[in-house]
Structures are given as C-alpha cells and as structure tokens.
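Encoded as structure tokens, the structure appears first; notes follow it.
We did not get these values from a lab; they are worked out from the coordinates using the rules stated. Predicted model, so just to flag it, every value in this text is computed and none were measured. Backbone-built Cβ (ideal geometry, glycine too); neighbour counts: all protein chains shown.
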Amino acid sequence: MTPGVDPIAYAPQSVPPPGETLKETLELLGIAQADLARRTGLSTKHINQVIQGTAPLSPDTALLLERATGVPAGLWNAREAAWRTQLAREEEEKALAEHVGWLDNFPLRELVSRKVLPDDSKSVQNLRRLLDFFAVATPDVAQNLRLGYQAAFRRSTVLSRNEYATATWLRLAERQARALPCEPYDRAALTELLPRLRALTVEEQDTWLIELPRLCAQVGVAVVYEPALTKTNVSGATRWLTPDKVMVALSDRFKKDDQFWFSLFHELAHVLLHGKRLTFMDTSENLSPTKSHQDSSEDEANDFAANILIPDQYGAAYQKLAATRHLSLAAIESFARTIGIAPGIVVGRLQHDKALPWTHGNGLKRTVTLG
C-alpha cells in the first residue's frame, strides 16, 4: 500500500455487475441473447445467468465476448473483478461491524493526533484503517499475530500497562524506520561511531535531533523518535527490520537527557551484542544500571550503556566524586566537562548509585521534547 493513500477513500460506493454492462451492450448492438449464445458457443442459459449475475464472467467467457461484441476482454475482466470486489467488501463490512468494539482497546484520540485516524469514532471505517495501519486482515488475526510475535520479544514488557498502546507505539516507530533510508548494517562502523554519538550529549537538542539519525543511518541503524503514548512505559525498542537494517526507537517518556542517552546506548548494546531475531522493548524496570535482571541481556545492555557514558578510564575519578560529602553542582559540571558528556547524565548516574538524592541536581538535566 502506498504510504499516505487511504484505500477507503478510493473505494467506489457502487459498481454495476458485468451482466448489466453486457445487457446494455447487446441492446446497443441489437444482438439477442440467443444470437450471442450461437456466436460464442455458450448456452443461452449460461448467457442469461451471466446477465442476471448468478454466474461469474470468467476470463474464457470474456475472450468469447470480445470476439462476439468487439468489447475488449480486459474490460469484461475488469468489470467482473470490480463487481466481485464490491461483493467481498460488502461481506467484509458485515463481518467487521461485529468487531468494532476492538477499537476500545486503543488510544483513539492519540491516533487522530498522529494522523493515523481521521477522527475517534468507533466505526467500521476506522476499524479498517486501524487494520491497515497494523497491516493485518482482521482483529482475530492481529491477536494471533501478537501472540506469535511474543516469542520474539526478549522481555515481555510489551504486556506491561496497556499492551495495545504499546503495540501502537511500536508500529508507529516501525513505519518511520522502514521509510528511513539507511546504508547496509556495518557492525564495525557502528562500534567506531560510538564516541561520536557520545559527544552529541553536550550538543543542543536542535543539533542532535538531526545528527543522531543521520550518523546512525550511515551504519545501517534507523534511529527514530516516537513520543510516548499514554498508558505506556516504553522508553526504547530495538527491532531488526531486515538482516541489513535495524530500528532503534526512542521515546520521550522520561523527558530528561540522562534517561534519553542511557536509553540510546542501551538499545545500541542490543544491536551490537544480541540476536537479530529478537525484539527488545525497554522500560524503566530494565534501564536501571544498578538492578540485576533475570534476563542477562538487559544487564549486559545496562553495563554497556553505563560504560560508554562514563568509561572505565574515568572510574576512579567518578568514585571519588560519588564519595564526596556535600557534593556541589559545580563539581559535577567540572567532572562532566573533563570526561566530555552532559552534566545531567552525571547527575542521573549519581542518583542511580545513591550518591545523590533524587531531589538534587535535577536542574543540570536538560528536557528532551520529541514532539
């Protein structure tokens, strides 16, 4: 389906059956049904059934009609296909009307604001649009597909809070990522890029909003920003779209730069360290550098992110800072300048390590706004 094209808007409201067109053609040419039967070798009964719409107009019949009437077979085939499509659409309309309640599971107003739906009405038209959005045939198929995909999720955080809102957020991000041009994935090049990405933490948001996706696209990583939906607690996600292209999606759920940058490097750890067949959905529960998880991949991703932001070479200096009594903001800013990262990231790390109360130092954190 072409992005931005609403197939519902292009669906004709009424299509005449091919038999009606055949009847009008015979009247125009002055050919009786019995005469047409003799010319085509078909029975009069079959011709009448085609005209009445009780028998399909097959491609073989279309070729015979072309010779007998001069009307191209392609036109007859097109009429038949349009008619059968309309009949199928009418049947689908009846079937979908029984599933309109499925819309109750989704944040309809937010889907309107993100231009997925034209309004928040609980209608068959909106149900069809939502199915198009998820690229699935029916709500039942969507449910079965979700259960099948669940095995591909390293952590079942997609089920936390509102699974439908979370699935919606992931789909919004995935559509963005698929449309983003990227070079083929290059693991070595991504590894070499990490220091440059780390240096972006000190830049203003207007700069890194553009530079981060641009740089990552050069190594096969489609970084996309998708503002958080209500009733979700997802901060980031990693999903391989093809063997040569991986999506890293980031939300603004925490609104602060320390969490944003930790989330980025956490997701990049999944890209570099973990399997291509898995999808990682990350929340506050598995973005804690100090928390041990049942899933070792989350601990690995947390260690990776923590070590990128404050490398081991600065470990002794960091420990000295963390042990300082009456820790000042000036000392935090000085340390951040020395190691080349944003001071808010240092604040976040100190808070996680309980070296700084959660109520202190937050003024050094910068607000992240993605939309």
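Points to keep in mind about this one:
- Rounded to 0.05, the FRET efficiency of the A179 and A82 pair, given R0 = 22 Å and the Cβ-Cβ distance, is 0.10.
- Packing order of peptides 256-265, 209-218, 243-252, 15-24, highest average first: 256-265, 243-252, 15-24, 209-218 (average count of other Cβ atoms within 10 Å over each peptide's residues).
- Given the choices [x] 40; [y] 20; [z] 25, percent of Cα pairs over 38 Å apart derived from the coordinates of this structure is entry [x].
- Gyration tensor (alpha-carbon) shape descriptor, the range 8-97, a/c threshold 1.5: prolate
- Counted charge near I310, where neighbours are those whose Cβ lies closer than 13 Å (Asp, Glu -1; Lys, Arg +1): -1
- For L356, net neighbour charge (Lys/Arg +1, Asp/Glu -1) across residues whose Cβ lies under 15 Å away: +3
- Among beta bridges that DSSP assigns inside the range 195-291, antiparallel share in %, nearest 5: 70 percent
- Most fluctuating residue given options L278, L64, L229, as computed from a GNM of the chain linking Cα atoms under 10 Å: L64
- The helix-based estimate of mean residue ellipticity at 222 nm for the chain, built from -39,500 (n - 2.57) per DSSP H run of four or more residues and divided by its residue count, is -16500 deg cm²/dmol to the nearest 500.
- Between D60 and V136, the contour length at 0.36 nm per residue exceeds the Cα-Cα span by 24.0 nm.
- Pairs beyond 19 Å (Cα-Cα), from K231/K365; K94/K122; K115/K276: K231/K365; K115/K276
- Summarising the strand pairing of the chain, around 65 percent of its internal DSSP beta bridges are antiparallel.
- The amide H of K256, built 1.01 Å from its N in the peptide plane, has V368 as neighbours under 5 Å, considering only residues 5 or more places off or on other chains.
- Applying 0.36 nm per residue to the separation of Q205 and T242 and subtracting their alpha-carbon distance, the gain on full extension is 10.4 nm.
- Note on N307 and L273: the model spin-label points, each 7 Å out from Cα along the C-beta direction, lie 0.7 nm apart.
- Sum of side-chain charges, L272 neighbourhood, beta-carbon under 13 Å (Lys, Arg +1; Asp, Glu -1): -3
- Difference of contour (0.36 nm per residue) and Cα-Cα distance, S334 to A316: 5.0 nm
- Among A165, A188, A55, the largest mean-square fluctuation in a Gaussian network model of the chain, built with springs joining Cα atoms closer than 10 Å, belongs to A55.
- Overall form of the range 167-310 per C-alpha gyration tensor (a/c, 1.5; a/b vs b/c): rounded
- With the simple model of a label 7 Å out from the Cα in the direction of the Cβ, V100 to K122 spans 0.9 nm.
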